[in-house]
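All remarks here apply to the structure that follows.
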Amino acid sequence: MPQPSTARWAIPARMASLLILPLLSVHASVEDPKLLPTPPMGFNNWARFECDLNETLFTDTAQSMLSRGLLAAGYNRLNLDDCWMTHERGADGALQWNSTLFPHGIPWLADYAHKHGFHLGIYEDSGNATCGGYPGSYGYEQKDAETFASWGIDYLKLDGCNVYPEGGRSMAEEYKLRYGQWHDILSAMAEPLIFSESAPAYFSENKTEWANVMDWIPFYGELARHSDDVLVYVGEGSAWDSIMVNYHFQTLLVRYQKPGYYNDPDFLITDHPGLTDAEKRSHFALWASFGAPLIISAYIPDLSDEEVRFLSNKELIAVDQDPLAQQAALVSRDGTFDVLTRSLANGDRLLTVLNTGSSSAKTSISVARLGLKGQCQYKARDLWTGKTSSIRDAIGINLDSHATAVYRITPGRGCTSVTPTGMILNTVSGNCLTASSSGATFKTCNAADTQVWSVSGSGTKVSISPLSNPAKCLAAKGSIIALVDCKGGAGTIWSHAITGHLQNANGDCLTESGGQGTLAGCELLQGGQILGLPSGVHVVDGSA
Ligand SMILES: *[C@@H]1O[C@H](CO)[C@@H](O)[C@H](O)[C@H]1NC(C)=O
Ligand SMILES: *[C@@H]1O[C@H](CO)[C@@H](O)[C@H](O)[C@H]1NC(C)=O
Ligand SMILES: *[C@@H]1O[C@H](CO)[C@@H](O)[C@H](O)[C@H]1NC(C)=O
Ligand SMILES: *[C@@H]1O[C@H](CO)[C@@H](O)[C@H](O)[C@H]1NC(C)=O
């Protein structure tokens, strides 16, 4: 069992690393968003080829990315996954590449990548062995970091297989210690490697523990694999379902993402034989809407021209790479449509709609649901077709099964104010906060106006109103949750923390308990209190 974890927050991660390395400048992660100001884009062999990687695959892929315009579109990383090494370390303790697979060596490949305008990334594991059974980094962290840097590598995906807790630590504590150690090593390098952390994926079965692990992840690295691997090329089962699993996990992590740190819902599997064309396009459009890493795991020389064309869609890539780095969050969800929104750096609002159902369907989405004022002029640009239309109060959407629409909504003059708006989701139970006559309950998400909340106010102090009753504010009234007139009393003031807590100015947390919205003392690892809010709500991150 994990130890009570309050003490973890006594020393925020940033300070902790300063205490350990007082004389070294600290470069990595949110401490310096410049290390990775927008999400990475590129290629990784894993989902397509698993352990069947080699030099030729990488050079052929690079040539194809160059000639087919993918490098120019922004896909500038070539990342090796597991199985690139030999089963034994060298006499000096250093990892060695398999010279049958990489006859010219990894430094040669890095040089080749750089000459053609790419970066080279690599894979290791924080445990005793990699998932494929090759030497893990445990006990060799400093050595391996130096080795990778000396080879010309600037990106490390660190997996979490074969980690065994020591010293009486819980599993979660062991991962935190190891990834923290890597963070310190990488941060102290003159040119820190980008750090992709797989730790959360090892905790996703228990969403309470998972959230607790996520709480430190953004302080240690630039991106994190957070849940199950996407289905590999030869895998059994539904590729679309595996994409949806990662998609759903991703929707629970909105509050963590910011410039310099990205939630990673895994590779784009664009040539997977189990996907329809609509599903391949949706996969890309949803990942771009999230501002997620766009790492293609496909045989790029054999992608169709149409696949290369949509993967190179400039306007969707611009959304992915938007400097605000907001992650689109759910506005509403019912059995058919997921509606998501976020802001873009130029003041536009993004609207993304996925038809999760099995047949085509129509819907209409009000601008109020996107946090915009009604009775205003907006231009809505369809990022698939490039067609622009004028809208005032709502936009009509007609979508095939598993298709995704993405619009960039540009406000007209006098209409530019945006209020973060959308679902308030218990990320453990999956239930939606729902306005009721007496206050608020938690229910299955149904896309009603009672489940769409406007979160207004500047900085860390916000007030929260349901779209069904905008004059009323969510309030702590004694020990119960009520909806009261929005007059700005302390009971109506809330702040949202990276832990998921939605804390009232009186100090208590909004809690799902027996289906009711209640107030209770704020506790870590309390599944009823780990809430997801709309994108753009200020998050108290514990290091402030
Ligand atoms: C390199 O890997 C690819 C993909 O697995 C394979 O098709 C090819 O035969 C391999 N080439 C060599 C030289 O091993
Ligand atoms: C290198 O990879 C090849 C092909 O997978 C394998 O047969 C060989 O045993 C590996 N060599 C070493 C030294 O691990
Ligand atoms: C993992 O590696 C450590 C350090 O080499 C060793 O002490 C430990 O016994 C190993 N654990 C297992 C389960 O192999
Ligand atoms: C999930 O983890 C939390 C915290 O460790 C624990 O209290 C809870 O019982 C676990 N839930 C399940 C279903 O195992």
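Please treat every number below as a calculation from the coordinates, not as lab data. Being a predicted model, the structure only gives us computed values, none of them experimental. All Cβ positions, glycine included, derive from the backbone under ideal geometry; neighbour counts span all protein chains shown.
Going by amide H atoms built from the backbone, whose H comes under 5 Å of the H on Ala394, apart from near neighbours?
Close amide H contacts, sequence-distant or interchain: Val367.
Please give the contour-minus-distance gain from Asp92 to His104: 0.36 nm per residue of separation, less the Cα-Cα distance, rounded to one decimal in nm. All intermediate terms of the calculation are to be shown ahead of the outcome.
On the way: separation 12, 0.36 × 12 = 4.32 nm, distance 2.06 nm.
Difference between extended and current length: 2.3 nm.
What is the distance in Å between the Cα centroid of the stretch 37-52 and that of the stretch 376-454?
Answer, in whole Å: 32.
Which stretch or stretches of the stretch 373-388 have amide N atoms under 17 Å from the point lying 7 Å from Arg413's Cα along the Cα→Cβ direction?
Zone members listed by number: 376-379.
Hey, could you get me the Stokes-Einstein D for the stretch 191-289, Kirkwood radius over alpha-carbon pairs, 20 °C and 1.002 mPa s, rounded to whole µm² s⁻¹?
Numbers: Rh = 14.2 Å.
D = 151 µm²/s.
Any lysines with Cα under 26 Å of the Lys472 Cα? List them, leaving off those in the same chain fewer than 8 positions away.
Lys373, Lys443, Lys461, Lys487
With a Cα-only, solvent-free Debye model of the stretch 415-540, what are the log10 I(q)/I(0) values at q = 0.22 Å⁻¹?
Debye output, listed in q order: -1.41.
So what's the back-of-envelope 222 nm ellipticity for the chain, counting only DSSP H runs of four-plus at -39500 (n - 2.57) apiece and dividing by all residues, rounded to 500?
Values: 13 runs with 120 residues, N = 544.
It lands at -6500 deg cm²/dmol.
In degrees, nearest 10, range 0 to 90: what is the angle between the Cα axis of helix 277-290 and the longest Cα principal axis of the chain?
80 degrees
If I stretch the segment between Lys373 and Thr385 completely, what's the gain in nm (0.36 nm per residue apart, minus their alpha carbon distance), one decimal?
Numbers: separation 12, 0.36 × 12 = 4.32 nm, distance 2.57 nm.
Working it through step by step, the gained length comes to 1.7 nm.
When 1/r is averaged over all different Cα pairs and the result inverted, which Kirkwood radius in Å belongs to the stretch 361-409? Walk me through the numbers on the way to the answer.
Values: mean 1/r = 0.0882 Å⁻¹.
Evaluated on the stretch 361-409, it is 11.3 Å.
Would you kindly state how much longer the chain becomes between Ala278 and Ser238 on full extension, computed as 0.36 nm times their sequence separation minus their alpha carbon distance, in nm to one decimal? Let's see the in-between values first.
Details: separation 40, 0.36 × 40 = 14.40 nm, distance 1.47 nm.
Going from the current span to full extension adds 12.9 nm.
Distance from the Cα centre of the stretch 118-141 to that of the stretch 275-330, in angstrom?
28 Å
Can you tell me which of 412-420, 137-145 comes out highest on packing, and rank the rest after it, using the mean Cβ neighbours within 10 Å? Mind showing how you got there, number by number?
Values: 412-420: 14.8, 137-145: 18.1.
Answer by packing, highest mean first, reads 137-145, 412-420.
Can you give me the Cα centroid spacing of the stretch 254-270 and the stretch 183-211 in angstrom?
13 Å
In the chain, with Lys and Arg counted as +1 and Asp and Glu as -1 at Cβ, which of these residues, Gln327, Gly168, Gly478, has the Cα nearest the positive end of the dipole, that is, farthest along it?
Towards the positive end, the residue furthest out is Gly478.
Over the chain, what per residue volume does the convex hull of the Cα atoms give, in whole Å³?
Numbers: hull volume 81.0 nm³, N = 544.
Cα convex hull per residue, to the nearest whole number: 149 Å³.
At a 10 angstrom cut-off on C-beta neighbours, averaged per residue, how do the peptides 209-216, 452-459, 159-166 rank from highest to lowest? Walk me through the numbers before you get to the answer.
Details: 209-216: 23.8, 452-459: 18.4, 159-166: 16.6.
Answer by packing, highest mean first, reads 209-216, 452-459, 159-166.
Over the stretch 329-411, what per residue volume does the convex hull of the Cα atoms give, in whole Å³? Mind dumping the intermediate values first?
Working: hull volume 6.7 nm³, N = 83.
Spread over its residues, the Cα hull of the stretch 329-411 gives 81 Å³ apiece.
Please check which bits of the stretch 70-93 a label hung off Lys115 would reach, taking the label as a point 7 Å along Cα-to-C-beta and the cut-off as backbone N under 17 Å.
Flagged as within label range: 78.
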